[in-house]
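The values are calculated or read from the model by the stated rules, or taken from the named source; none is laboratory data. A quick note: this is a predicted structure, and the numbers were derived from the prediction, not measured. No Cβ is skipped: glycine too gets one built from the backbone with ideal geometry, and neighbour counts run over all protein chains shown.
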Amino acid sequence: MSDTAPVLTSHLPLPLLHRGKVRDVYEVDADTLLMVASDRVSAFDVVMGRPIPRKGEVLTLITAWWLSELDGRLDHHLLAVDPDEIVRRHPALASSRDGWARRAMLVRRTTPVLVECVIRGYIAGSAWKEYRTGGTLAGEPLPPGLQESSRLDPPIFSPATKAQEGHDENIPFSHVVDTLGADVANLLLRRSMEVYEFGRDRAAQAGIILADTKFEFGFDGAGRLLLIDEVMTPDSSRFWPQESYAVGRGQPSLDKQPIRDWLDSLEDWDKTPPPPELTDEVVDSASRRYMDIFQRLTGSSLDAFTLPHFGDDA
């Protein structure tokens, strides 16, 4: 069991480019970034005051596992996740290793595409809320007669805006075409669908339904479209246990649901900052939930996981 203290906020001797809800992004050099996944957790778009132990490890290493499983199928930005390899490439990072080891990805710098590429294989969340009231998703009609948690066959490419604050907003595919051009829009659709279908099939082997997920892409200096950021993690996806799946209701989620449930039970919090302090029981439950989904997907405990290596041409 790791005895590393939870990381609420990282502090590394590198230029900090961005501190998001979960990730701290540092500049290593002109071409390379270090993306550090903290143990911060947000719910209802509010960052909680207490970290969830090992959450950052789970997000980083699930992403690395998926990209190693996808090796050769698509271009991505991940250069290294093994701390030894990261230090070999950039020796100056050795002194701060304890602050980022196993929770950091060394990645190529890209120009991000400002669209969230969401693939929905089942109707849930904001998609179900809109469909229930108007039979549409982002204003476009969906087949009649769907129930909550119905499977969508084929899956739907459901892009969204990338909100810096608050909720992302579902947008029609035509908006992506108008903004980025038909060639880039269709490439995003194809790449997203390919990765989702691969992930859906692999998750099914572990008894898990990948209900939906979101991807991010960016262009490198050579103009290649790369898959970036986190990939099919419990923060970017809805994972449902196959054994309890039933159409017509919401599903138990293999993610930070214990936190949402506890916050929903509070009568005196209006879901705006400052958040209430999470209890020890809620924190422990959420931490176990993250480690459980890691083991179910990868077949390995977090501590026994063998860190993958990526070639220079990853």
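Residue by residue, here is whether (1) without any contact (Cβ under 8 Å) to a residue 40 or more places away in the chain; (2) of a type outside the set (D, E, K, R); (3) under 28 Å from Gly207 (Cβ atoms) holds:
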| site | (1), (2), (3) |
| --- | --- |
| Glu243 | yes, no, yes |
| Pro252 | yes, yes, yes |
| Arg260 | no, no, yes |
| Asp264 | yes, no, yes |
| Pro273 | no, yes, no |
| Glu281 | yes, no, yes |
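Consider Ser42 carefully, then state whether it is at pLDDT below 95, within 23 Å of Phe217 (Cβ to Cβ) and of a type in the set (S, T, N, Q).
Values: at pLDDT below 95: yes; within 23 Å of Phe217 (Cβ to Cβ): yes; of a type in the set (S, T, N, Q): yes.
It is true that Ser42 is at pLDDT below 95, within 23 Å of Phe217 (Cβ to Cβ) and of a type in the set (S, T, N, Q).
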## Note on the structure
Scanning region 111-145 for residues that are without any contact (Cβ under 8 Å) to a residue 24 or more places away in the chain and either aliphatic (A, V, I, L, M) or in contact with a strand residue (DSSP E or B) (Cβ under 7 Å, 6 or more places away or on another chain) (or both), the one surrounded by the fewest Cβ atoms within 10 Å (Cβ to Cβ) turns out to be Gly135
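How many of the residues in region 169-215 are outside any helix (DSSP H, G or I), touching a residue at least 12 places away in the same chain (Cβ under 8 Å) and within 25 Å of Gly139 (Cβ to Cβ)? Outline the logic, then answer.
Filtering region 169-215 for residues outside any helix (DSSP H, G or I) gives 169-172, 181, 206-215.
From the residues that got through so far, the ones that are touching a residue at least 12 places away in the same chain (Cβ under 8 Å) too are 170-172, 206-215.
From what's left, within 25 Å of Gly139 (Cβ to Cβ): 170-172, 211-215.
Number satisfying all stated conditions: 8.
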### Query
Restricting to region 65-106, what's the tally of residues that are within 24 Å of Pro13 (Cα to Cα) and either over 21 Å from the mean Cα position of the chain (by Cα) or assigned to a helix (DSSP H, G or I) (or both)?
17
### Summary
Within region 180-205, residues surrounded by 15 or more Cβ atoms within 10 Å (Cβ to Cβ) and either hydrophobic (A, V, I, L, M, F, W, C) or over 21 Å from the mean Cα position of the chain (by Cα) (or both) come out as Leu180, Val184, Ala185, Asn186, Leu187, Leu188, Leu189, Met193, Val195, Phe198, Ala203
### Query
Can Asp303 be described as within 23 Å of Arg88 (Cα to Cα), surrounded by fewer than 19 Cβ atoms within 10 Å (Cβ to Cβ), charged (D, E, K, R) and at pLDDT 95 or above?
yes
### Query
Are any of the residues in region 26-33 among the hydrophobic types (A, V, I, L, M, F, W, C) and within 30 Å of Trp262 (Cα to Cα)?
no
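Residues that are basic (Lys, Arg) and either closer than 25 Å to Ala286 by Cβ or part of a strand (DSSP E or B) (or both): does region 34-51 have at least one? Write out each step before concluding.
If we filter region 34-51 for residues that are basic (Lys, Arg), which is where we start, we get 40, 50.
From what is left, the residues that are either closer than 25 Å to Ala286 by Cβ or part of a strand (DSSP E or B) (or both) are 40, 50.
Scanning region 34-51, I find at least one residue that is basic (Lys, Arg) and either closer than 25 Å to Ala286 by Cβ or part of a strand (DSSP E or B) (or both), so the answer is yes.
Residues to consider are Arg296, Arg288; find the one that is closer than 30 Å to Glu148 by Cα, without any contact (Cβ under 8 Å) to a residue 24 or more places away in the chain and out of contact with any helix residue (DSSP H, G or I) (no Cβ under 7 Å at 6 or more places or on another chain). Spell out how you get there, then give the answer.
Numbers: Arg296 fails: without any contact (Cβ under 8 Å) to a residue 24 or more places away in the chain.
It is Arg288.
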### Task
Return only the number of the condition from (1) touching a strand residue (DSSP E or B) at 6+ places or on another chain (Cβ under 6 Å); (2) within 27 Å of Asp71 (Cα to Cα); (3) among the charged types (D, E, K, R); (4) surrounded by fewer than 15 Cβ atoms within 10 Å (Cβ to Cβ) that Glu169 does not satisfy.
(2)
### Message
Suppose we filter Asp313, Asp268, Asp264 for residues that are under 29 Å from Arg109 (Cβ atoms), modelled with pLDDT under 95, exposed (fewer than 15 other Cβ atoms within 10 Å of the Cβ) and not aliphatic (A, V, I, L, M); which single one remains?
### Response
Asp313
#### Entry: Any hit, region 147-154, residues being in contact with a Gly (Cβ under 7 Å, 6 or more places away or on another chain), part of a loop (DSSP other than H, G, I, E, B), closer than 26 Å to Phe217 by Cβ and free of Cβ contacts under 8 Å to residues at least 40 places away in the same chain
no
